[in-house]
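Everything on this sheet refers to the single structure shown next.
The values are calculated or read from the model by the stated rules, or taken from the named source; none is laboratory data. Since we're looking at a predicted model, the values are computed, not measured. Cβ placement follows ideal geometry from the backbone for every residue including glycine, while neighbour counts extend to all protein chains displayed. Note: areas computed on protein heavy atoms with side chains; ligands, DNA, RNA excluded. Shrake-Rupley method; radii C 1.70, N 1.55, O 1.52, S 1.80 Å.
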Amino acid sequence: MLESSRIFLPRTAKVSQWMHLIWIVEGNRTPLFEAKRIPLIRFLFKACQAEDVYLDCANGTRDHLHLLLQLPPDQTVAELNQCLQELTRSWTERKENWGYPVEWSAAIRAYSVSPEKLAVVRRQIFRQAERHQRQSLAQELWELTQSPEDQCLLAGSVEAA
């Protein structure tokens, strides 16, 4: 008798998905200079922990943020994204030294990441400052969309409105 190498998950099994989100700052009203970006990222780690979401790493530049996280099995990308963006907006609204609350573009990028490509994505996220010395955000987004075999990380992307 041959044994099957397939693994069947029961219908009640809950599997989380690794996601690489890119949030773009709306306009230039609230640029994410390092003095603001670092506290915002620290807040995001705490907010994710409070929401039972595992945020693996985050980084960005003055006009966008990258987040690598595990999407909980009972949430959609749109739900999680909306929740976290509302939390960050509310947090920046309460900060006296922030100026204006951060406004995120309605068009977010969300990429599914396979577990074996996590190191590649982490490296890309950690090297944002270096990358954007030679490449614009538009070029980075185009590259992520057009050449997934070079990036070794994309299973698909979603733009939410």
Residue in the range 92-136 that is most open to solvent (accessible area, probe 1.4 Å), counting only those that are in a helix (DSSP H, G or I), at pLDDT below 80 and within 22 Å of Lys46 (Cβ to Cβ): Glu96
When residues of the range 44-91 are limited to those that are among the basic types (Lys, Arg) and assigned to a helix (DSSP H, G or I), the one nearest to Ser114 (Cα to Cα): Lys46
Pair list, Cβ < 7 Å and 6+ apart or interchain, from the range 83-97 residues that are at negative phi to residues that are acidic (Asp, Glu) and open to solvent by 80 Å² or more (accessible area, probe 1.4 Å): Cys83/Glu51
